[in-house]
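Just so it is clear, none of the values below were taken in a lab; they were calculated from the coordinates. Treat the numbers as computed from the prediction; the structure is a model and nothing was measured. All Cβ positions, even for glycine, are placed from backbone atoms using ideal geometry, and neighbour counts span all protein chains on display.
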Amino acid sequence: MINEAVGHPDEAKTIYKEMLEADETNILASKRLIALLKSYGHIGETVKQLVAYLDIHNNDFEAWLELSNLYLTQNLYPQAAFCMEEVIMQQPANHYFHLCYAEISYSMGNFDLALKEYLRVVELSTDNVRGFYGIKLVADRIRDIRAKPKRDQNARIDDAPQPATLDRLSQLATERLVAAYNGANDTCKKTAEEWLKA
């Protein structure tokens with residue numbers, strides 16, 4: 001760490017690698033090496049080192065979360081989704097992790113899974129505005145895709161609810177969002193209501 005502090009990253013990297021050669025289970029050396037590689041922008045090496053770390057310490061949900069974030073910076077959504085699944089298996093009651101997984105699923109076009117995860121978010125955190133925005137966005141998107149199937153053939157909506165259920169979910173999300181913005185200033189409230197009614 002002294003080498004890192006005085007600006008000698010190559011020496012620090014060498015020391016950490018030597019420590020890991022002597023004991024590959026050394027958590028401190030692994031995490032310091034990962035942090036060092038990331039701080040210098042070596043994303044490929046950072047990912048490789050994180051994967052090696054997780055092969056040994058697969059119950060470290062923070063490492064899975066970091067790996068997911070690194071994959072997202074590279075637009076590798078399927079890999080990021082896998083990492084978030086590992087995080088959720090270890091932290092199933094944390095609504096934020098479900099929210100991240102929902103957003104990744106939405107970005108991949110997996111709308112039925114995204115809807116389920118947004119619903120899980122509002123189940124775990126009943127006043128989560130991002131969760132309700134996600135429900136409204138996904139429900140409306142699925143209805144649009146079903147109405148014009150040629151528009152987005154890669155979208156996954158096979159397990160999505162029926163149109164009547166989607167309408168109810170969208171309406172519920174709209175009502176909850178309007179209620180959330182009732183305490184906001186008039187401009188913010190008006191903007192939110194216009195978007196929700198569109």
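Tabulated data
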| quantity | calculated |
| --- | --- |
| Inter-part distance where the range 92-109 and the range 38-58 are each reduced to a Cα centre, Å | 22 Å |
| Matching label, volume of the Cα convex hull per residue in Å³ computed from the structure shown, candidates [x] 226; [y] 156; [z] 124 | [y] |
| Listed residue (LEU50, VAL138, LEU65) projecting farthest to the positive dipole end of the chain, Cβ model | VAL138 |
| Estimated distance in nm for a label pair at ASN75 and THR165, the labels positioned 7 Å out from Cα along Cα-to-Cβ | 3.4 nm |
| Tilt relative to the chain, helix 163-181 - C-alpha long axis, 0 to 90 degrees, to 10 | 80 degrees |
| Theoretical gain in end-to-end length, ASP23 to ASP186 [0.36 nm per residue, Cα-Cα removed] | 52.6 nm |
| Residue among LEU36, LEU113, LEU67 with the largest mean-square fluctuation in a Gaussian network model of the chain, springs linking Cα atoms under 10 Å | LEU36 |
| Rounded tilt (10° steps) of 95-107 against the dominant C-alpha axis of the chain | 80 degrees |
| Relative contact order %, the chain, counting alpha carbon pairs below 8 Å whose residues are six or more apart | 11 percent |
| Loop-resident sites, the range 110-175, for trypsin sites (Lys or Arg not before Pro), counting at most 11 other Cβ within 10 Å (DSSP) | LYS150, ARG151 |
| Given charges at beta-carbon only (K, R positive; D, E negative), |dipole| of the range 84-180 in Debye | 400 debye |
| Helix 111-124 axis, angle to the chain major axis (alpha carbon atoms, nearest 10°) | 90 degrees |
| Listed residues ALA164, LEU37, ASN185: farthest to the positive end of the dipole of the chain (Cβ charges) | ALA164 |
| Whole-number percent relative contact order across the range 49-89, with pairs defined as alpha carbons under 8 Å at least 6 apart | 37 percent |
| ARG146-GLN91 FRET efficiency (beta carbon distance; Förster radius 41 Å; 0.05 resolution) | 0.75 |
| Gain on full stretching of the segment that runs from HIS57 to GLU45 - 0.36 nm per residue minus C-alpha separation | 2.5 nm |
| Dipole magnitude of the chain, debye to nearest 20 (Cβ charges: Lys/Arg +1, Asp/Glu -1, about Cα centre) | 1060 debye |
